[in-house]
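Working notes, beginning with the structure itself.
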Amino acid sequence: MQFFENIKVITLFSLVFFAIFLFNYKKGNKLSNVMLASIYAFQGMEMLNGTFYRFSDFWINEFPWVFYSTEFTFFLWGPAIYFFFRFSVDSDKRFERKDLWHLVPAFIHTLFLCYVFHFNSNATKIMLLQEGVMTELQDFVIHFFKNGAVIIYLVFGTILYNKAKIENTKKKRWLMFFIVVFWIVECIQILHFVDLETRIYNTIIYNTTSIVWFLLSVITLYKALQDPFLFSFETKEEHKEKLENRRDRLSLDNEEYKDVLSAIEKRVIEEKAFLNPALNLKILSAELGFPSGRVSFVINDYYKSNISDFINSFRIEKAKELLSDEAYSSKTIIEVAYEVGFSSKATFNRAFSKFVEVSPTEFRKKD
């Protein structure tokens, strides 16, 4: 039995290590990494909660308050999975105010735990833990809805993955790997749920799931450390662009540099190509007749900016002009955003705040 307890402790530390690493990783899709870190952190907390019960005699007498301290994660794991896939398949997605409703079940569950357990004295907590904090019905309802919610979020996450047109094979494989891992983990949770609710307390189930958890954590860590693509989700086009930039930096002479710069400024600034919502490096390079690597290098070198920020900087300047224009006072923020080349209000707000350091609404009010 001690062997399986040691396995569980190792697994717990692996999950925590991986979560801390992802929380502090600066490159790639930050929101996607944070959601993945949250998934593993929540699982680590839930596993820690199980450890308290395996050594209940010590914890009840010495630190009764630790019980139910990690169960707020019960209703957060599902949303974390959903948002991980949402941010992974669409890097432009961000949290919105309406997304807060996903936290409601966790908030209600936490309030319930505070009422039945946490707001009591330590002496009362010890008595409750010995006699039973919740009724069998309450325990069943909580775990039933918890597992049901996770399954629903997993289904929606899988649908997001299937609907997304992911061209990068490596990214597609990574996301499929996580879909499989999360479904296996949920099957483990269901096994535990059935085991607890039927009061079988099957040692074989406990030991088997401990081994499966250990293997999943080790495989995930191994794959992640072997292939950092997990964190950056760099596309083939981005990788190709980097290689072209390095090559063109060595071969681009002064005259060619000036020609590319002049063509960029004429097309983007004078002809206002930035108003085209579809404008990107590929389209701009095709319009200019220069390799994308050279166009990207000149923009990076001269403007100290990437292609996205370069284009958006002119859009924002135009937006500031329109928001300050009395003739546009009747137009909404989203109408102005569309007029200057943005395809969504969220992207416009993000870019505007980045360049102007206030929101479009605040800018208009000040003006």
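The values are calculated or read from the model by the stated rules, or taken from the named source; none is laboratory data. Fair warning: this is a prediction, and the values are worked out from it, not measured in the lab. Reconstructed Cβ throughout: ideal geometry from the backbone, glycine too, with neighbour counts over all protein chains shown.
Tabulated results
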| read-out | value |
| --- | --- |
| Single residue of segment 49-69 satisfying the filter (modelled with pLDDT of 80 or more and crowded, with 19+ Cβ neighbours inside 10 Å) that is nearest to L113 (Cα to Cα) | Y68 |
| Segment 125-166, subset farther than 23 Å from L76 by Cα and in contact with a Pro (Cβ under 9 Å, 6 or more places away or on another chain), residue surrounded by the most Cβ atoms within 10 Å (Cβ to Cβ) | K125 |
| Identity of the residue in segment 329-352, part of a loop (DSSP other than H, G, I, E, B) and among the β-branched types (V, I, T), that ends up farthest from the chain's Cα centre (by Cα) | T332 |
| Some residue of segment 99-111 being charged (D, E, K, R), surrounded by 12 or more Cβ atoms within 10 Å (Cβ to Cβ) and part of a loop (DSSP other than H, G, I, E, B) | no |
| Selection count, segment 262-298, where residues are in contact with a Ser or Thr (Cβ under 9 Å, 6 or more places away or on another chain), more than 26 Å from V358 (Cβ to Cβ) and not small (G, A, S) | 7 |
| Answer residue from segment 245-280, given it is modelled with pLDDT under 90, polar (S, T, N, Q) and assigned to a helix (DSSP H, G or I) and is farthest from E335 (Cα to Cα) among those | S251 |
| Residues satisfying the stated conditions in segment 167-178, i.e. surrounded by fewer than 18 Cβ atoms within 10 Å (Cβ to Cβ) and assigned to a helix (DSSP H, G or I) | T169, K170, K172, R173, M176, F177 |
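Table: residues versus (1) surrounded by 16 or more Cβ atoms within 10 Å (Cβ to Cβ); (2) hydroxyl-bearing (S, T, Y).
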residue: F297; (1), (2): yes, no
residue: Y303; (1), (2): no, yes
residue: F310; (1), (2): yes, no
residue: F314; (1), (2): yes, no
residue: K320; (1), (2): yes, no
residue: E326; (1), (2): no, no
residue: I333; (1), (2): yes, no
residue: F342; (1), (2): yes, no
residue: S353; (1), (2): no, yes
